[in-house]
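The values are calculated or read from the model by the stated rules, or taken from the named source; none is laboratory data. If you're wondering where the values come from, they're calculated on a predicted model, not measured in any experiment. Note: ideal-geometry Cβ built from the backbone for every residue, glycine included; neighbour counts use all protein chains shown. Just the protein is used for accessible areas: all its heavy atoms, side chains included, with ligands, DNA and RNA removed. Shrake-Rupley method; radii C 1.70, N 1.55, O 1.52, S 1.80 Å.
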Amino acid sequence: MKTLITLSLLIAFNFSFGQQKAYTKYKKDKTSKEFKTLNTSGGDNNQEEFKTLEDSEKENGSIGENISFGLSLGFNGSTENIKTVQISPIDNTVILNKGQKTSFVLSTVVSIPISFKKNLTYRFTDKDGNQIGQIHKISDWSFIASVNLITLQGAQSGNVFNQKISGGLGVSYNFTEDFSIGLTYELISSRSPKDFLIQSSGKEIQENGETVTALDITNNEYFYDKYLGTVSFKFIYKLTK
């Protein structure tokens, strides 16, 4: 796992030192409803000339953002009530508690563009700072799928934590080609007490004629794996575009 995280950070570091980009901002003309930018090349210096996004695409060609892979840090909140149990150290009876419903999760995210920004594009520049190549359109809204890697909080008994592969689907809004925020519905694995254990609240549990004095969450006689529905808010950094 440490190797995966290290590799991801190295990829992000390498991308930060790639080709320089020149961004172009377009504004929507209230009359024509077209997105235009000030054309700084040629024309009468005393008169502003504007170029539409469509004209820029015809002149230089354009390429939309592809399916991208990234990492995210998300805040997960369970949509279900979580119960935890423990044995009282005083009288060895079962104590029923409410479990933690939130967790922070590091995930991998795959983003698929749904729409592209009409007010912002970029092109790469050469060593002299001249723009070269096609216009790159930046994703506006994307469909995302996530697979959770590490839970940074909530890995205690009965709380939400990643024991098996978990993840979900949702949408994201892209601020730039590198950073976006997303909202997903996910299923996350949790070790949950079995019904008979919950119904034994306030009572002693007998095993082989002896009173149980402690519960082990890994014991399948008392606990089982359950997938809980959660809503996750994610901060996403794209490693590939």
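Let a ≥ b ≥ c be the square roots of the eigenvalues of the Cα gyration tensor of the range 64-127; is it rounded (a/c under 1.5), or, if not, prolate (a/b larger than b/c) or oblate? Write down the numbers at each step before the final one.
Numbers: a/c = 5.69, a/b = 3.92, b/c = 1.45.
Since a/c reaches 1.5 and a/b is larger than b/c, the shape of the range 64-127 is classed as prolate.
When only the heavy atoms of the protein chains count and the probe is 1.4 Å, how do ASP216, ASP128 rank by accessible area, highest first? All intermediate terms of the calculation are to be shown ahead of the outcome.
Working: ASP216 85, ASP128 110 Å².
From most accessible down to least: ASP128, ASP216.
Work out from phi, with θ = phi - 60° and the Karplus expression 6.51 cos²θ - 1.76 cosθ + 1.60, the ³J(HN,Hα) of each residue of the range 219-224, listed in order in whole Hz, and give x for Gly and Pro.
Taking θ as phi minus 60°, the curve returns 6, 6, 6, 10, 10, 9 Hz for the range 219-224.
Obtain the nm distance between the two label points defined at ASP216 and GLN199 by a simple spin-label model: each point lies 7 Å from its Cα along the Cα-to-C-beta direction.
Those two pseudo-labels are separated by 2.6 nm.
Once you place label points 7 Å from the Cα toward the Cβ at SER88 and ASP126, how far apart are they in nm?
My value for the distance between the label points is 8.2 nm.
What figure, in Å² to the nearest 10, do you get for the accessible area of TYR23 with a 1.4 Å probe and non-protein molecules left out?
Taking all protein chains as shown, TYR23 has close to 110 Å².
Amide H neighbours of ILE150 under 5 Å, at least 5 residues apart or on other chains, H built in the peptide plane: list them.
Amide H neighbours of ILE150: LEU106.
If the reach is capped at under 18 angstrom between alpha carbons, list the lysines near LYS30, excluding any in the same chain fewer than eight residues apart.
LYS30 reaches LYS51, LYS117, LYS118.
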